[in-house]
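Written out below as structure tokens is the structure these notes cover.
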Amino acid sequence: SPSSPSHTAQDFPGQKSSRSSAGAPMEKNKMERKHGPSCFGFPLSIFFIVINEFCERFSYYGMRAVLVLYFKFFLHWDDNLSTAIYHTFVALCYLTPILGAIIADSWLGKFKTIISLSIVYTVGQAVMAVSSINDLTDYNRDGTPDNIPLHIGLSISGLILIAFGTGGIKPCVSAFGGDQFEEEQEKQRSRFFSLFYLSVNAGSLLSTIITPILRGEECGIHTKQQCYPLAFGVPAALMAVSLMVFILGSKMYKKAHPQGNIMLQVSKCIGFAVKNRFQHRSKQFSKREHWLDWASEKYDKRLITQTKMVLRVLFLYIPLPMFWALFDQQGSRWTLQATTMDGNFGAIQIQPDQMQTVNPILIVVMVPIVDTVVYPLIKKCHINFTPLRKITVGMFLASLAFVAAALVQVQIDKTLPDFPKEGQSQIKVINLGTDVAKVDFDAGVANVSVESLMATNYMTFDTTSLTRMNIAYGNQTLNQSLNFPGKERHTLILKNIGGIQTEWLLDGLKSKSEDGKNQIRFINNLASPINITMGSTSLENVKEFSATNYTSFTRGVKEIVVFADNSLTCKNQSISFGYGSAYTIVIQECNSNTLALRYVEDIQPNTVHMAWQIPQYFIMTCGEVVFSVTGLAFSYSQAPSNMKSVLQAGWLLTVAVGNIIVLIVAGASKLSEQWAEYVLFAALLMAVCIIFSIMAYFYTYVDPVEIEAQLDEDEKKKMENEKSIYENGTGPISQSEM
């Protein structure tokens, strides 16, 4: 009976009973022989499983946290391709659990499936770490891989192995942990799942903090680059530890034999019903109450009724992928958005990929608040906040989160430089002399006056009209003809020593630095060549009235040291650089150990703070709490007892389809502005939210326990009737007579 497990649990060793105190140790030993070694009331084997899950989640989320930046800055893919491959990978991770469940239930069993696919998983993580080694193909030692296709091939191979590994074991590990308990250990099993969920969140939270820090370090044999090998290598090592820990506990596990997969039975039942209905589509066959009833010739009433219950819930799942299409962009579009923002939080410098930690932190805070404060308040207001209404609110909140992301993007766009388009050129003038210089480009901008040791902003010209330049410098003049190809920025350096001297510099910057680094170049305005050192970078033999190329520097305080040919060493006071700027630094004077500099801002640093992303993360997390947690609880409450795994697979499938939607929408929209894409996704989810609310309105809640009890009663009556007929001498009923 349903009450018997709880009764057995109450009759557990250690509680007061009629047993003698001398018999208690014997009873305890008997239970230990039955359950195996225990610790804190749990089977000792489950601690191996919990540690295994912590390491595996650290491995997966740590690798995933830096993945989109690896695509963009190591493989040099653009934002759209990086986003597309990222979401393809995530989709595959949520498609493969179905395969893992089938393998475990129908062939290998959970234990062997976890071992086999964990090996595949570990190899995939190792391949990813190797693929990110810059020196692997940097034959000329210039800091850039010379065989990008090899790195791409290794990366894709590694990601496919990881997807099959993490997806394949996803439905097995938690279920395998549940298998370690006896029927009378329901309370311990419930606590295990809480501990298991905690290990998942702890692993993901720690990894999304640590791996971006590892990525931000510089490493390499020949040249120093962002340390992706370390960022991928640590998750690979944790996955290896996960596998070894799981194997260590192998002798303690209860290993159930595969007993067939319920998903296959449901699929066969549906397939037979469709086939049978198609074969009997003629009007001469009477209609049946439900199309699944056409499976009654082969499958029993219980399976058909349970499948109907599952399909009613799966029908409601149809709009849900749109939520995940927005939710999973936290790891792609939102991370890329953070690369154009200021991550200076005072004593802490936040990497763009670390902003993803806001979600798990808020989850830990919001779940108890929503359960203990928000829901009770809503109930006190006499509002019937049903599970389907909660899911609707979750979708609405996710849509609002993308509206918030769009508003932040609009502010970011205002700070982005306006680079020349096709048929345009931009020119900046820097006056290194002592007089005022007047420049007429003869293209509608006349008499640009540049004070001594000053610079103009970039001026945009139509390239076809930019043919001549006239310079008036003191009492001297100079005429030059111009010919620019377009889509480039140029800097004109002027000086009036022994006549007008001009030097044209091709800037070479076509976009703002999205890795947060600053682009710095130096102009030597001294009378002799100099060597310049900034941080750990040395620029040697910079000739007079000439400039270096732009060099990348990380944010932070830097000291500039100049070595002149007269054995003078001049140091500048340490200066601080932000994120994503570009500067031209003019070396004006090096005298008596005093270094005089002039800073010309070519691209302003990121000024929109990353903290402005917190509201969109907060709204999205609130949506996740009422959507995801409620969705799983609703699914379980409406599912038959033996088909909860089918709905679990369906739920994971909605995540996979959501990531595929990102590929379709982002590829088909062709929107040039990122804020517009955010608004598009918000509008799509809002439309889907309305559709889902209508579907939910017409949904009728059922009680699977009551329905299954009725099925049990019907089967009991059927058996009694058959027994009565047999006892009356009629004999058993043949299959053809039924």
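The values are calculated or read from the model by the stated rules, or taken from the named source; none is laboratory data. Note that this is a predicted model, so its numbers are computed, not measured. Counting neighbours? That spans all protein chains shown, and the Cβs are built from the backbone with ideal geometry, glycine included. Side chains are part of the model used for accessible areas, which takes the heavy atoms of the whole protein and leaves out ligands, DNA and RNA. Shrake-Rupley method; radii C 1.70, N 1.55, O 1.52, S 1.80 Å.
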(message) Which condition from (1) on the phi > 0 side of the Ramachandran plot; (2) surrounded by 18 or more Cβ atoms within 10 Å (Cβ to Cβ) is the one that PRO352 breaks?
(response) (1)
(request) Quickly run through region 529-556 and pick out the residues that are among the charged types (D, E, K, R) and outside any loop (DSSP other than H, G, I, E, B). (result) GLU540
(request) Consider ASN531 carefully, then state whether it is more than 30 Å from LYS72 (Cα to Cα) and either touching an Asp or Glu at 6+ places or on another chain (Cβ under 6 Å) or among the charged types (D, E, K, R) (or both). (result) yes
(message) Against the conditions (1) without any contact (Cβ under 8 Å) to a residue 24 or more places away in the chain; (2) out of contact with any helix residue (DSSP H, G or I) (no Cβ under 6 Å at 6 or more places or on another chain), where does HIS257 fall short? Just the number, please.
(response) (1)
(request) Report whether or not THR533 is among the β-branched types (Val, Ile, Thr), more than 23 Å from ALA437 (Cβ to Cβ), touching a Leu at 6+ places or on another chain (Cβ under 9 Å) and open to solvent by 30 Å² or more (accessible area, probe 1.4 Å). (result) yes
(request) Output the residue which, of all residues in region 627-671 that are open to solvent by 60 Å² or more (accessible area, probe 1.4 Å) and in a loop (DSSP other than H, G, I, E, B), is modelled with the highest pLDDT. (result) LEU671
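Every residue, every condition in (1) of a type in the set (Asp, Glu); (2) touching a residue at least 12 places away in the same chain (Cβ under 8 Å); (3) open to solvent by 60 Å² or more (accessible area, probe 1.4 Å), yes or no:
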{"position": "LYS571", "(1), (2), (3)": "no, yes, yes"}
{"position": "SER576", "(1), (2), (3)": "no, yes, yes"}
{"position": "GLY580", "(1), (2), (3)": "no, yes, no"}
{"position": "CYS590", "(1), (2), (3)": "no, yes, no"}
{"position": "PHE618", "(1), (2), (3)": "no, yes, yes"}
{"position": "CYS622", "(1), (2), (3)": "no, yes, no"}
{"position": "VAL625", "(1), (2), (3)": "no, yes, no"}
{"position": "GLU673", "(1), (2), (3)": "yes, yes, yes"}
(message) Within region 368-381, does at least one residue satisfy the condition of being over 30 Å from VAL586 (Cα atoms), more than 37 Å from the chain's Cα centre (by Cα) and open to solvent by 40 Å² or more (accessible area, probe 1.4 Å)?
(response) yes
(request) Examine region 233-251 for a residue that is under 18 Å from LEU108 (Cβ atoms), touching a residue at least 40 places away in the same chain (Cβ under 8 Å), crowded, with 19+ Cβ neighbours inside 10 Å and β-branched (Val, Ile, Thr), and state whether such a residue exists. (result) no
(request) Scan region 260-286 residue by residue and report those that are surrounded by 10 or more Cβ atoms within 10 Å (Cβ to Cβ), free of Cβ contacts under 8 Å to residues at least 60 places away in the same chain and not in a helix (DSSP H, G or I). (result) HIS280, PHE285
(request) Please go through region 437-456 and pick out each residue that is under 20 Å from GLN588 (Cα atoms), open to solvent by 10 Å² or more (accessible area, probe 1.4 Å) and either in contact (Cβ under 8 Å) with a residue 40 or more places away in the chain or out of contact with any Ser or Thr (no Cβ under 6 Å at 6 or more places or on another chain) (or both). (result) GLU451, LEU453, MET454, ALA455, THR456
(message) Residues to consider are LEU161, LEU117, LEU136, LEU150; find the one that is open to solvent by less than 40 Å² (accessible area, probe 1.4 Å) and either of a type in the set (Asp, Glu) or over 30 Å from PRO368 (Cα atoms) (or both).
(response) LEU117
(request) Please enumerate the residues belonging to region 601-616 that are crowded, with 18+ Cβ neighbours inside 10 Å and aliphatic (A, V, I, L, M). (result) ILE603, VAL608, MET610
(request) Please work out which one of (1) modelled with pLDDT of 90 or more; (2) more than 32 Å from the chain's Cα centre (by Cα); (3) surrounded by 15 or more Cβ atoms within 10 Å (Cβ to Cβ) is the condition ASN549 fails and give its number. (result) (3)
(request) Determine which single condition MET128 fails, assuming it passes every other condition in (1) in a helix (DSSP H, G or I); (2) open to solvent by 30 Å² or more (accessible area, probe 1.4 Å). (result) (2)
(message) Quick check on GLU218: is it surrounded by fewer than 23 Cβ atoms within 10 Å (Cβ to Cβ) and in contact with a strand residue (DSSP E or B) (Cβ under 7 Å, 6 or more places away or on another chain)?
(response) yes
(request) For residues that are of a type outside the set (A, V, I, L, M, F, W, C) and not in a helix (DSSP H, G or I), scanning just region 158-185, find the one that is modelled with the lowest pLDDT. (result) GLU183
